[in-house]
Each structure stands twice: as C-alpha cells, then as structure tokens.
Amino acid sequence: MKWLLSSILILSLLLSGCKKKSLVADPDVVDDGGFETPKGWGVYNTSNSKIADNQINALSIDNDNVKWVGTAKGLTRMEGSNWMVFDIQNSPLPSSYITSVLTENNGVVWIGTDKGLAKYHDQKWTVYKKDNSSLPDERISCMTYDSVRKITWIATANGLVSIDEQNNWRAYDELGDEAIYDMEVDRNGTLWLGTFNHFAFKGRIRKFDGNGWTTFKLDELGYRSAFPYSLAIDKQNQVLVALTGTAEKSVIRFNSTIWYEVAGPEMARGLNVIAIDNDRIWVGGFDLYQFGDKNGAVLSSPDTDSPIKCMAIDRKGSKWLGTIYGGLVVYRD
C-alpha cells in the first residue's frame, strides 16, 4: 500500500511543470560543522557524488555530524570530503537494500535491511538474522533508541523487539497484524508507534510506557483510512504525527490530554516524514512544508521533482532530505 501511494505521488509530480535550476552541491564538500557552506539548495546524486544510489530510504546524523544515508544499493557514510559506501560486496551487510538507519549516542550505528539487521561500532560488524536472534522477521521497517532506559527498538514486517545494553532481546506480540510505520521515544522513555491494520484498513497510534499499552484509533479521532507515516517529539515532549491518505494531509499533536490538529499550508501534499528544528515543524512530502501556521513556508527543490521520503536535521539546522528517486537534497536556510 505504501509503495502504491508513492507511485501515485511520483506520477503526479512527473505531470507537473519544470522548476528553475540552482547550483548543484559540491560532491566533495559536506557541511560537517567545521566551515561555512553556501545557503540554499544542494543535491547529491549518482551523477555528481559517490552516493550509492538515488533512492534514499533512510537518514541519520550522529553526534559527530556524520551523515549515514541508507539507499536501495548500500549505505553511504558522509563525513566532510570523506565518503564511504558499504554494501554486500565490501561489508557483512545482509543486504544492500537499506530500509532504516539509527545512530545512538554511544557511537553505535544500526542498519536495517530487507534481509536482516546489522550493528556497526568501532569498525566492527555484527549481523542479526532469525537464526541467531529474536527477530520475528528479517525485513526491518524502522528503529528508534530510548536514551532513558538504554533500549534499542526494532520494528520488523512481523513484529517488534527491544534490545538492552546487555544484548538481552525481548519480543512483543501485542500489535497483532498491524504494520509499524514509524516509532519515537519521548524524554520519559515512553515509546510511541504509528501503525496500520491493512485488513481493517485503519490506522492507530500506540503508546507503551514500559508497563502497558494505550491505543488511539485514528478513525475515532476523525481520520478514517489515514496512515500514520511519521512521528516526532517536540521541545515540550509532545508527540506529533504526520498523517497521509487518499484525502488526508494532516499533522496532529498530543498534549498529554487530547489530540489536536496543527495548522499547515493548504498546498501540503503527500506527507511522508516529520522533523523538529527547535520550535519549527518541518514535513516532507511532494515538497518541504513548514507546519504551525496556515501560511507556513512551502519550499521546492530546484534540482529534483522527487517526493521526499526521509529527513534529518543537522546541528546547524540544515535539512537533509532523502528522496524517492532524486538523490539526497540539502536545504540550508
């Protein structure tokens, strides 16, 4: 279903008009915090850089401002002018098709693929499959880290597991047939999940506080057939969720009591990913949108018409946007 929606978005954009051209990013210059870089738009693709592929599935930026880019043909590590590509030819990765990337405060990098999970730390690899772990499925959908309890959460195509600092694994079967689209952990250590039951065709937001589960049904909130594609936690420790559907393009927030809708630009379409930059709410879809105001900014990359699939914001506030077929885009404001 998610791929079907993405195909519809791509077709719509291909039918749209051309955009003006901007200066293409220097493939050997990536903002690593050590020097000033030009403001505006830039793009890194297979034509002008060493990036593994133009289909960007996942993004994460570590404490050293290193960008880890998961593509359909491998993992690209970007540190200033130093680029490295990891794939099944030169690393123990179980697959070159990267589905999720997670960087933790201790320097650990987790890489989810369609054929298993990999852990990279201090230049050492550990690979987890069903036969050597508690993974319920080797297709990894998303991951997040609980810095309070020091727990890594791994969502697969068929269930959820947690891994603690002592490498103890625990599986959770409370979600049944629900697909997990995204997860985030708030500053209290509470896990939030966006899920969708494809049989009932209903979306839900799940909350796990370590002891029990709370479920919020999107249809009961007035959002029928809405996909909770992406979650984020703001400075007030409130969860925000980007909803997408046939007629849905909303961002909702939970203030610990009720859910309410966040204002956004009327032109917003195809919402895929949400990220927080201080008090600003950025949502990637057909373009890059700023929510929080009905007159919020609508920003279009002049270098690609591809929809935005994933997003990460670095310590300088630059927005790194992974696109479906247009490579890695960066916007520096």
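The values are calculated or read from the model by the stated rules, or taken from the named source; none is laboratory data. Keep in mind it's a predicted model, so treat the numbers as computed, not measured. All Cβ positions, even for glycine, are placed from backbone atoms using ideal geometry, and neighbour counts span all protein chains on display. For the accessible areas, the whole protein counts, side chains as well, though only heavy atoms, and no ligand, DNA or RNA atoms are used. Shrake-Rupley method; radii C 1.70, N 1.55, O 1.52, S 1.80 Å.
Assorted remarks:
- Meets criteria (open to solvent by 50 Å² or more (accessible area, probe 1.4 Å), among the basic types (Lys, Arg) and not in a loop (DSSP other than H, G, I, E, B)) for Lys309: yes
- Members of the range 213-241 found to be assigned to a loop (DSSP other than H, G, I, E, B), free of Cβ contacts under 8 Å to residues at least 24 places away in the same chain and open to solvent by 60 Å² or more (accessible area, probe 1.4 Å), listed by number: Glu220, Arg224, Gln236
- Scanning the range 250-307 for residues that are of a type in the set (Lys, Arg) and touching a Gly at 6+ places or on another chain (Cβ under 9 Å) yields Arg269, Arg280, Lys294.
- Matching entry among Asp333, Asp303, Asp234 (being of a type in the set (Asp, Glu), within 16 Å of the chain's Cα centre (by Cα) and closer than 24 Å to Ile61 by Cβ): Asp234
- Test set (1) surrounded by 17 or more Cβ atoms within 10 Å (Cβ to Cβ); (2) at negative phi - Gly270 fails condition number: (2)
- In the set Ser162, Ser147, only one residue is more than 15 Å from Ser60 (Cβ to Cβ) and either modelled with pLDDT under 95 or surrounded by fewer than 21 Cβ atoms within 10 Å (Cβ to Cβ) (or both); that residue is Ser162.
- Qualifying residue in the range 295-304 (condition: part of a strand (DSSP E or B), touching a residue at least 12 places away in the same chain (Cβ under 8 Å) and crowded, with 22+ Cβ neighbours inside 10 Å): no
- Residues that are more than 19 Å from Tyr331 (Cα to Cα), crowded, with 19+ Cβ neighbours inside 10 Å and not charged (D, E, K, R) within the range 41-69 comprise just one, Ala52.
- The set of residues from the range 162-185 being within 21 Å of Phe196 (Cβ to Cβ) and assigned to a loop (DSSP other than H, G, I, E, B) comprises Asp173, Glu174, Leu175, Gly176, Asp177, Glu178.
- Candidates are the residues of the range 242-267 that are touching a strand residue (DSSP E or B) at 6+ places or on another chain (Cβ under 8 Å), assigned to a loop (DSSP other than H, G, I, E, B) and open to solvent by 30 Å² or more (accessible area, probe 1.4 Å); the one that is nearest to Gly292 (Cα to Cα) is Ala263.
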